[in-house]
Amino acid sequence: MPIRIANRQKIIEGILENPEGITLCLDGTIPAVSGGFYVSTTNNSFTTVSDDIVERVIMQIIADPLAEFIGSWYSPKTEEYFIDATACIRDKASAIETARAFSQQAIFDIARMEAVYV
């Protein structure tokens, strides 16, 4: 999926301005999702983030035909940042199963706005 340079910059800025975490559509906008669970389907972890790292990772994610969203978050447990392809799964049990299949630490409960460790 091609992405305009302006959208790429919007995604980079969104991630860098929200180090605690954010989920974005591939065009850089906030998803209009009110329920379900965000689950990452890749494992990109970093001890620090920069424009170059974010740009490299988002270009890989955008090229993934299965990527719905780009999600980022900071894990205080491991002191790492994560930037990953992210899916929205409505059912909690399915979200947990998917998270385990992709070796994820947590899912994000959209309604409660909190991480759920798996």
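The values are calculated or read from the model by the stated rules, or taken from the named source; none is laboratory data. Note that the structure is predicted; figures quoted are calculated from it, not measured. Cβ sites come from the backbone with ideal geometry, for glycine too, and all protein chains shown count toward neighbours.
Conditions tested, residue by residue: (1) assigned to a loop (DSSP other than H, G, I, E, B); (2) at pLDDT below 95; (3) surrounded by 19 or more Cβ atoms within 10 Å (Cβ to Cβ).
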residue	(1), (2), (3)
19	yes, yes, no
33	yes, yes, no
54	no, yes, yes
78	yes, yes, no
100	no, no, no
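For the range 62-73, the candidate set comprises residues that are hydrophobic (A, V, I, L, M, F, W, C) and closer than 15 Å to residue 88 by Cα; within that set, the residue that is surrounded by the most Cβ atoms within 10 Å (Cβ to Cβ) is 70. Among residues of the range 78-90 being of a type outside the set (Ser, Thr, Tyr) and touching a residue at least 40 places away in the same chain (Cβ under 8 Å), the one that is nearest to residue 26 (Cα to Cα) is 85. Given the condition on the phi < 0 side of the Ramachandran plot, in contact with a strand residue (DSSP E or B) (Cβ under 6 Å, 6 or more places away or on another chain), assigned to a helix (DSSP H, G or I) and without any contact (Cβ under 8 Å) to a residue 60 or more places away in the chain, answer yes or no: does some residue in the range 61-76 qualify? Within the range 61-76, one or more residues are on the phi < 0 side of the Ramachandran plot, in contact with a strand residue (DSSP E or B) (Cβ under 6 Å, 6 or more places away or on another chain), assigned to a helix (DSSP H, G or I) and without any contact (Cβ under 8 Å) to a residue 60 or more places away in the chain.
Counting just the residues of the range 80-98 that are part of a helix (DSSP H, G or I) and not β-branched (Val, Ile, Thr), which one comes out surrounded by the fewest Cβ atoms within 10 Å (Cβ to Cβ)? Here the answer is 93.
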